[in-house]
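Quick notes on the structure that follows.
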Amino acid sequence: MLYTDNTPGRTVVLEDRTCLFFSGFAYLGLHQLPAFKALVIEGIEKYGALFPSSRAGNLRLSIYEEIEHALAVHLQQQAATVFSSGFLASQATVQYAAGCGELLYAPGSHPSLWYQEPLLPAISREEWITHTIELVNTHPDHHFAIITDTVNPLTSTIHPFHWLQELQRKVLVVADDSHGIGILGPAGQGAVHFLPQSPALRYLITASTAKAYSLQGGVIAGHAADITALKKLPIYSGSTPMMPAHAHAWLHAGELVRKMRMSLQQNIAYLLHLSAGSSVHNPHALPAFILPAGDGLVQYLQDRDIIISSFPYPQPHSEPVNRAVVSALHLQEDMATLHRFIGEYLH
């Protein structure tokens, strides 16, 4: 277990050692940029540290409507709403979905999507897809709600969704895009870029805004009727809203986000180039590069002042997955150093 007194960015300080940091999930690195921090400070000066009232109260803060409209446009949905965390947004979404139909969980669905401790399918995703298509098509409309992640950050893969076009009955699809929003798509709109459109499909997209955008919050986007109904749940009215200063920062950081997203894409491309033909795995050009398993590599890199991601997840008894997570803050020399030491260890 490692501890630090400083929030990591490109590097992290551990016991007076400055180490390269290839872990975490601040993909665009906004949290460490002076320009972004200045926007957060500007927001605090205007709105304070928090909005001390329920979103359902009789006094509303207009910036929440502003960011929800902007996120709905960004995610190409009719409406959106924000929460104080991605976990809370996911929980609100599945609570709502449970009232819309029987929940069909995809294998390995993130714990934030779990409703009443579901028994996740212990089959391959391909088998689950075949079974789901048959199940949905032999039941009435609106009988099921499909629950799935769009991206698996532990395998660095984007799940396929073309099969949804084979569904002949109307279903609600809850898609957690926490590791896609801000990264995937031509404008960073995430999974909506490749989710198929069909009269049978109605989407609710939920995501943490912390992963790419460095905002302590979460978003749910979808049909206006669903968002309106969802806002009537106690989990919405009884929760503290997103920090308004973060909403202010995101609304004014458009050009900064575009710049950092371009840097992230360039960094991913560079490390893909360096690691081509090696045992480093990243089939879909995501920020997470899967490394060979075992504690040996973790310690070898740590001894050389490089920290990678390696911990049991999603359960305490799960096997650790070794990953190098690239952010927009990294320099080419950082990735060259990482690549060199991985190569030394493996040979």
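Quick look at the values:
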read-out	value
Given [x] 36, 23, 18; [y] 33, 27, 17; [z] 33, 21, 19, the label whose value is semi-axes √(5λ) of the Cα gyration tensor in Å derived from this model	[y]
Reach of K37 by Cα under 23 Å, taken over lysines that are not fewer than 8 positions away in the same chain	K46, K211, K259
Simple label model, 7 Å out from Cα along Cβ direction - A187 to D16, nm	5.2 nm
Net length gained if the chain between K259 and L135 were fully extended (0.36 nm per residue, minus Cα distance)	40.2 nm
Theoretical FRET efficiency, 1/(1+(r/R0)^6), r = Cβ-Cβ of L251 and A49, R0 30 Å, to 0.05	0.95
Under the Karplus curve 6.51 cos²θ - 1.76 cosθ + 1.60, θ = phi - 60°, whole-Hz ³J(HN,Hα) for the range 131-137, x wherever Gly or Pro sits	5, 5, 4, 5, 5, 5, 6
Integer Hz, Karplus 6.51/-1.76/1.60 couplings in order for the range 147-163, x for Gly and Pro	10, 7, 8, 8, 10, 9, x, 7, 10, 6, 10, 9, 5, x, 10, 4, 5
Phi-based couplings in Hz for the range 259-270 (Karplus 6.51, -1.76, 1.60; Gly and Pro marked x)	5, 6, 5, 5, 5, 4, 4, 5, 5, 4, 4, 5
Highest-MSF residue in the chain out of G180, G24, G254 [GNM, Cα springs under 10 Å]	G254
Charge context of E65, other residues only, Cβ under 15 angstrom, K/R +1, D/E -1	+1
Lys, Arg +1 and Asp, Glu -1 on Cβ, resulting dipole of the range 118-246 about Cα centre, debye, nearest 20	400 debye
Gained length - L2 relative to E126, 0.36 nm times residue gap less alpha-carbon distance	40.8 nm
Charged-residue dipole, Cβ positions (Lys, Arg, Asp, Glu), the chain about Cα centre, Debye nearest 20	700 debye
Alpha-carbon centroid distance for the pair the range 269-322 / the range 172-189, whole angstrom	23 Å
Full-extension gain in nm, F311 to A70, via 0.36 nm per residue minus C-alpha separation	83.2 nm
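FYI, it's all coordinate maths here, none of it is from the lab. Please read these numbers as outputs of a predicted model, since none were measured by experiment. Reconstructed Cβ throughout: ideal geometry from the backbone, glycine too, with neighbour counts over all protein chains shown.
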